[in-house]
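Peer 1: I have a structure here, written as structure tokens, and I will follow up with some questions on it.
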Amino acid sequence: YERNSFYEIADRLGIMLWHDFMFACSLYPIDDLFLKNVHDEVIYQVKRLQSYASIVLWAGNNENEAAVAQNWYDVSEEQMPKVKDDYRTLYVDIIMNSVKEVDKGNNRPFVTSSPSNGLETIKENYIAKDPGDLLYGDVHFYGYQNDSWDPTTYPITRFLSETGIQSLPSLDTWYQATNDTSNLNMNSSFLLHREHSQNQLTAMIYHIQSNLPIPITHDSLKNFTQWIYLSQINQAMTLKSISDVCRVYSSVNMINPNTSQGHTMGLMYWQINDIWQAPTWSSIEYSLKWKMAHYYVKHMYEPVYPIVMLTPYLANLTDENARISLYVINDLLNETHGQLMCSIHTLNKFSVQSSIAYDVALDLTSMQHVADLSYTSLMKRTSCSNDNHCILHCSFDYNHDHYIDQTLFLTQPKNYQLYQPNLHIENIQQITSTDIVIRITATRPALFVWLDISANRSGYFSKNGFHMFEPIITVTFHSWVPITDFDRANFDLRISSLFDVTQP
């Protein structure tokens with residue numbers, strides 16, 4: 001339970017809170033003293049918090065219904081009836097009824113657990129046979145064994161309330177925990193000690209190797225820095241892939257008539273912040289520096305959002321049935337219109353191989369399936385000899401003042417022939433007490449361009465982890481505090497791209 005100021009900020013910013021009670025991933029003792037303590041805790045906290053409009057839902061626990069239903073803790077057959085009765089006593093008789101007693105005037109939903117099946121769980125006496133059923137309630141999903149960039153590996157749910165993947169924090173954040181550079185490598189006992197989820201480093205390396213080039217430099221610290229960078233690309237692309245699936249299937253028009261799956265009405269990822277310097281699922285580091293994923297999350301929750309998908313995923317050029325599907329989503333409460341422009345680019349020079357444009361008019365809170373393009377036909381209009389040479393870039397410009405872009409890789413980035421983009425920070429200029437404008441130039445396209453700033457500067461960039469398909473781009477650094485010592489010559493700013501990983 002957070003301090004009052006947390007909820008006041010959420011109220012002011014319009015942030016909706018899914019509020020768990022403090023029970024998760026465990027069995028609890030059901031004796032009179034414990035139940036009284038729980039009752040008193042719930043009554044006290046609900047009385048304290050019920051006036052905050054930002055709290056939109058109470059949840060009795062995290063994953064305990066699933067733990068009982070799927071017997072995570074190897075309870076014997078003889079003991080299981082008591083375990084189920086104890087579960088109902090704690091979460092239904094005590095917690096749910098206590099919440100209803102105090103919060104009865106606010107009509108907030110109460111779910112006994114997450115994931116759970118809503119009304120279906122109630123019908124099954126609060127312990128569903130499958131609490132993660134895709135047709136009901138909410139679902140948690142972690143696909144560590146799958147290619148996390150592949151959108152076809154993700155479940156099509158009603159509400160995906162927990163998902164994510166780990167990444168490594170920046171070198172600056174690691175330096176808060178150790179000054180010994182021998183600790184900073186992928187096999188160090190220091191790193192393994194700080195990885196508190198079994199086999200996660202192995203899974204992280206697997207996902208990186210599936211899609212990205214791996215470092216070849218023999219410089220130990222540089223090698224580790226590149227693994228950090230790759231892990232953050234992987235996390236960002238994973239969350240983007242999940243989000244694209246959820247947002248496409250939010251439309252009732254996308255409900256599968258055979259399985260009834262679809263109408264996905266929400267996505268929450270695990271997790272936003274860190275409590276120490278370690279490999280975690282967070283998108284903001286312990287030092288408050290944004291990981292690449294946080295820039296992508298900011299982008300993927302835009303109310304008007306284009307989505308580009310290749311079906312089958314990473315289809316071969318010879319597949320005559322392969323198609324590129326174009327969608328635009330409008331979650332605004334008003335109609336909007338704009339132009340969707342898609343272009344095929346090569347990586348060896350700034351050159352548009354082929355382009356196509358659509359005028360799109362969107363009703364309020366709607367999704368439009370703009371077009372299905374034949375992948376083979378589209379590529380025949382270019383000079384791309386194979387899918388290792390080209391990338392599809394789409395942008396949606398709406399109401400003449402909002403520009404949102406999307407990039408579709410036609411193969412894994414590790415398969416692309418990357419060229420030296422000669423990234424250069426041409427100019428840095430302070431325009432306000434907290435804003436620094438950065439002008440970046442390149443001689444060739446660059447993938448996953450990453451800007452990094454020294455640890456003594458706290459703030460974030462207007463965009464990061466982006467792709468450059470034009471020779472000049474401008475990015476703004478927003479400082480959390482006024483910058484009174486700006487010196488262009490000594491403003492510690494670093495820039496890199498995926499090309500750098502391929503160099504010794």
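Here, each number is a calculation from the coordinates, and none is a lab measurement. Given the structure is predicted, the values throughout are model-derived calculations rather than measurements. Heads up, the Cβs are rebuilt from the backbone with ideal geometry, glycines too, and the neighbour counts pull from every protein chain shown.
Peer 1: Which lysines does residue 36 reach when only Cα atoms under 18 Å apart count, and residues fewer than 8 places away in its own chain are ignored?
Peer 2: Excluding near neighbours in sequence, the set is 47, 100.
Peer 1: Then there is this: Alpha carbons only, please: Rg and Dmax for the stretch 424-501, in angstrom.
Peer 2: Rg, Dmax (Cα atoms, Å): 12.4, 35.
Peer 1: Going by how many other beta carbons lie within 10 Å of each one, how would you line up 85, 397, fewest first?
Peer 2: Working: 85 11, 397 14.
Ordered from fewest to most neighbouring Cβ atoms within 10 Å, 85, 397 come out as 85, 397.
Peer 1: Based on DSSP H runs of at least 4 residues, each adding -39500 (n - 2.57), what is the mean residue ellipticity at 222 nm of the chain after dividing by all its residues, to the nearest 500 deg cm²/dmol? Spell out each step's value before the answer.
Peer 2: Numbers: 13 runs with 124 residues, N = 504.
Helices in the chain give a 222 nm mean residue ellipticity of -7000 deg cm²/dmol.
Peer 1: Expressed as a whole number of Å, what is the distance separating the alpha-carbon centroids of the stretch 463-487 and the stretch 83-122?
Peer 2: Answer, in whole Å: 47.
Peer 1: Among 354-366, 24-36, how do they line up from the highest to the lowest mean number of other beta-carbon atoms within 10 Å? Could the numbers behind the result be given before it?
Peer 2: Working: 354-366: 14.8, 24-36: 12.5.
Result, highest mean Cβ count within 10 Å first: 354-366, 24-36.
Peer 1: Any idea how far apart residue 47 and residue 24 come out in nm if each label point goes 7 Å out from Cα toward Cβ?
Peer 2: Spacing of the two 7 Å Cα→Cβ label points: 2.7 nm.
Peer 1: Could you work out the per residue convex hull volume over the alpha carbons of the chain, in cubic angstrom?
Peer 2: Numbers: hull volume 90.7 nm³, N = 504.
Spelled out: Cα convex hull of the chain, divided by residues, is 180 Å³.
Peer 1: Something else: Return one number: the angle in degrees, 0 to 90 and rounded to the nearest 10, between the long axis of the Cα atoms of helix 32-49 and the longest principal axis of the Cα atoms of the chain.
Peer 2: Rounded to the nearest ten degrees, it is 50.
Peer 1: On to the next question. Between exposed GluC sites (Glu not before Pro) in the chain, where DSSP calls loop and at most 15 other Cβ atoms lie within 10 Å, what's the longest gap? Working shown, then result.
Peer 2: Numbers: sites that count: 2, 77, 78, 124, 320, 335.
No qualifying site falls inside 125-319, the longest such stretch.
Peer 1: Can you give me the angle between helix 200-211 and the longest principal axis of the chain, using Cα atoms only, in degrees from 0 to 90, rounded to the nearest 10?
Peer 2: The angle comes out near 40 degrees.
Peer 1: Hey, what D do you get for the stretch 340-431 in µm²/s if you plug the Kirkwood alpha-carbon radius into Stokes-Einstein at 20 °C and 1.002 mPa s? Each step should come with its number before you reach the end.
Peer 2: Working: Rh = 15.6 Å.
Calculated translational D: 137 µm²/s.
Peer 1: How tilted is helix 220-248 with respect to the longest principal axis of the chain? Cα atoms for both, answer in degrees (0 to 90, nearest 10).
Peer 2: 70
Peer 1: Just the number, please: percent antiparallel of the DSSP beta bridges in the chain, rounded to the nearest 5.
Peer 2: Numbers: 67 of 78 bridges.
Bridges in the chain that DSSP calls antiparallel: roughly 85 percent.
Peer 1: Which lysines does residue 289 reach when only Cα atoms under 26 Å apart count, and residues fewer than 8 places away in its own chain are ignored?
Peer 2: 222, 240, 298, 463
Peer 1: Hey, in the chain, which Cys have no second cysteine's beta-carbon closer than 4.7 Å?
Peer 2: Among the cysteines of the chain, those whose Cβ sits 4.7 Å or more from every other are 25, 246.
Peer 1: Let me ask another. At 1.002 mPa s and 20 °C, plugging the Kirkwood radius over alpha-carbon pairs of the stretch 317-472 into Stokes-Einstein gives what diffusion coefficient in µm²/s?
Peer 2: Once the numbers are plugged in, D ends up at 120 µm²/s.
Peer 1: Also: Show which aspartates and glutamates lie in cross-link reach of residue 104 when reach means a straight Cα distance below 19 angstrom and same-chain residues fewer than eight apart are skipped.
Peer 2: The reachable aspartates and glutamates, counting only those whose Cα sits under 19 Å from residue 104, are 20, 40, 41, 93.
Peer 1: Let me know the shape class of the stretch 192-276, please: from the alpha-carbon gyration tensor, a ≥ b ≥ c as square roots of the eigenvalues, rounded when a/c is under 1.5, otherwise prolate if a/b is greater than b/c, or oblate. List each step's numbers first, then the result.
Peer 2: Working: a/c = 3.00, a/b = 2.21, b/c = 1.36.
It comes out prolate by the Cα gyration axes.
Peer 1: Can you give me the long-range amide H partners of residue 461? Hydrogens built in the peptide plane at 1.01 Å from N, cutoff under 5 Å, separation of 5 or more residues or another chain.
Peer 2: Amide H neighbours of residue 461, under 5 Å, 5+ apart: 478.
Peer 1: May I pose another question? Can you pull the semi-axes for the stretch 1-74, root of five times each eigenvalue of the Cα gyration tensor, sorted largest first, whole Å?
Peer 2: Working: eigenvalues 149, 55, 12 Å².
In descending order, the three semi-axes are 27, 17, 8 Å.
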